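What follows is a single structure, written as structure tokens, with notes after it.
The values are calculated or read from the model by the stated rules, or taken from the named source; none is laboratory data. These numbers were taken from a predicted model, which means no experiment stands behind them. Ideal geometry is used to build each Cβ from the backbone, glycine not excepted, and the neighbour counts take in all protein chains shown.
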Amino acid sequence: MKKVLSLFLALAVLTPVLPSLHAQESGKKETELETAMGKMNGAFRKLRRQITDASKNADSLDLVAKLRAAADESTKLIPALAAEKPEAERAAFVAAYKKQMQQFMASLAPLEAALKANDNAAAEKFVTELDGQKKKGHKEFKKPDEKKS
Ligand code: HEM
């Protein structure tokens, strides 16, 4: 009985700290930018799936708004790769990242206009362009081991 009780107590004490221990163990703590990018990913994946479906344009406009909010959040953050750049190059690297994020956000306006006009063929084209910008952004600003998505 005593054994069961101490096991129970040990579990009660350890359970809350286990997730953080696990994160430290795998050496992977999500950056703030990864969290913001994760939000962009959720909205963008759904948007891509339904972009040709005009009956979902109101919802698609909602997703574009979510994408914009998360992109705005991302623009204010700094890529982890910046810390690995020589100090003399760091400011230019961060400025280039912010500029590209701003370009990405500007590209959401024509997509929004196409959805409002129920022009889903044009909207599909703009989404493909955004995907290209995503790939370019990741190639230039993401750490190499995170380049999969
Ligand atoms: C539709 C557009 C985009 C989507 C869906 C997207 C999605 C993602 C995802 C899923 C991650 C990985 C998060 C994780 O590992 O938990 C990520 C990371 C990252 N993305 Fe994007 N991304 C987009 C556009 C961009 C653009 C335009 C840029 C740059 C101008 C960019 C720069 C980065 C960087 C630098 C990281 C690494 C995070 C860090 O350094 O902490 N992304 N993105």
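Hey, can you tell me all the residues within the stretch 36-86 that are hydroxyl-bearing (Ser, Thr, Tyr) and either within 22 Å of GLN103 (Cβ to Cβ) or touching a residue at least 24 places away in the same chain (Cβ under 8 Å) (or both)?
The answer is THR52, SER60, SER74, THR75.
When only residues in the stretch 28-39 that are more than 20 Å from LEU108 (Cα to Cα) and more than 6 Å from the ligand (Cβ to nearest atom) count, which is modelled with the lowest pLDDT?
Going through the qualifying residues, I end up with LYS28.
When you go through (1) at pLDDT below 95; (2) surrounded by 13 or more Cβ atoms within 10 Å (Cβ to Cβ) one by one for LEU63, which number turns out not to apply?
Condition (1) is where LEU63 drops out.
The rows are residues; the columns are (1) surrounded by fewer than 17 Cβ atoms within 10 Å (Cβ to Cβ); (2) more than 10 Å from the ligand (Cβ to nearest atom); (3) in a helix (DSSP H, G or I).
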{"residue": "LEU77", "(1), (2), (3)": "no, no, no"}
{"residue": "ARG90", "(1), (2), (3)": "yes, yes, yes"}
{"residue": "ALA96", "(1), (2), (3)": "yes, no, yes"}
{"residue": "LEU111", "(1), (2), (3)": "no, yes, yes"}
{"residue": "LEU115", "(1), (2), (3)": "no, yes, yes"}
{"residue": "ALA123", "(1), (2), (3)": "no, yes, yes"}
{"residue": "THR128", "(1), (2), (3)": "yes, yes, yes"}
{"residue": "ASP131", "(1), (2), (3)": "yes, no, yes"}
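What pairs come out if I take residues in the stretch 115-135 that are in the same structural domain as ASN57 (by TED's automatic domain parsing) and pair them with residues that are modelled with pLDDT of 95 or more and basic (Lys, Arg) whose C-beta lies under 7 Å away, six or more apart or interchain?
Here the result reads VAL127/ARG48, each pair linking the stretch 115-135 to a residue that is modelled with pLDDT of 95 or more and basic (Lys, Arg).
For GLY42, all conditions in the list (1) modelled with pLDDT under 95; (2) within 24 Å of ALA80 (Cα to Cα); (3) in a helix (DSSP H, G or I); (4) not hydrophobic (A, V, I, L, M, F, W, C) hold save one; what is the number of the exception?
Just one mismatch for GLY42, condition (1).
Return yes or no: is ASP145 free of Cβ contacts under 8 Å to residues at least 40 places away in the same chain and either away from the ligand (no atom under 14 Å from the Cβ) or of a type in the set (Val, Ile, Thr) (or both)?
no
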